[in-house]
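Notes to accompany the following structure.
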Amino acid sequence: MNPVKEHPVIEQSITDTTPDQPAAEPTLAPAFDLDTWISGMSATERSVEIYGNTSVFGEYEHLVRELDVARREEAAGERSVEDDGGRVARIEARIAELAEIQQQSKTTWYVTALDGEVFKAINEEHPVPDALPEPEKPSKNAHPSVKARYEAEHAEWVVANGAREAERTAAQNERNLHQIAASVVRVEDWQGNVLAGTAVGQPITVAQLKAMERKPHGPLQVGRLLTAVAEAKFGEPVIDAPFSSATSRSARG
């Protein structure tokens, strides 16, 4: 019997069969000018939606309750003989009408962050008085005359402080209104038409804001504008990109 000849095993790595790939040439990043980037930084804008007609909300609440009852009756087959099956549809149609009525009274207020110099100038032009320091309370072991003098001084301070705090509140509100007025870029109606604002050369006035503030919901609405002004000035919001399968694939590489 002829012995089986053993063939030599040739060891070969995977890389031996793969042709050499040319190394990718590094690409230079475009020239970056930090000064240009800083000069191009923009001020943040925020927006607030304010509705002029909120009186229809009461009817809306009533219809929502009626709609719930009508749907439950319809589901249970307890519809009255007079009801032709359109009660739910009629309520829904009226709710849609109310939504349209309120929508047509909507305005969108866009405010921008104030420049530091403008912000400082407004604060200087509309100073807020300091709070009155409260008299220091004497120790328990103080002489009765000292305690008596403190009680008299404190009673005077309570009266004076009440007046001072009212003055401080009014001054702070005046400052706030001037900040809002200076911040409003534009006011749009429900169809996107620009009604007023610095962008169209018709700045919102403090008098207009005060007139709004006197309305039943005025303090709330003006307060929302003031919050938006502060958020535009001291916040830096970032728009979240919509998540998609394409975005997911590119993120995975």
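Just so you know, all these numbers are worked out from the coordinates, no wet-lab data involved. Computed from a prediction, not measured in an experiment: that's the story for all the values here. When we count neighbours, we look across all protein chains shown, and the Cβ atoms used for this are built from the backbone with ideal geometry, even at glycine.
Some observations on this one:
- Under the Karplus curve 6.51 cos²θ - 1.76 cosθ + 1.60, θ = phi - 60°, whole-Hz ³J(HN,Hα) for region 176-183, x wherever Gly or Pro sits: 4, 5, 5, 5, 4, 4, 6, 8
- DSSP-loop trypsin sites (Lys or Arg not before Pro) across region 142-173, with at most 14 other Cβ within 10 angstrom: none
- Asn53-Thr27 pseudo-label distance in nm [points 7 Å out on the Cα-to-Cβ vector]: 5.5
- From the alpha carbon centroid of region 189-207 to that of region 101-125 is 11 Å.
- A simple charge model with +1 on the Cβ of Lys and Arg, -1 on the Cβ of Asp and Glu and nothing else charged puts the dipole of region 43-234 at about 560 debye relative to its Cα centre.
- The GluC sites (Glu not before Pro) of region 66-151 that DSSP puts in a loop, and whose beta carbon has at most 14 other beta carbons within 10 Å, are Glu78, Glu82, Glu136.
- Scattering profile of region 97-253 at q = 0.10, 0.16, 0.20 Å⁻¹ [log10 I(q)/I(0), Debye over alpha-carbon scatterers]: -0.61, -0.99, -1.26
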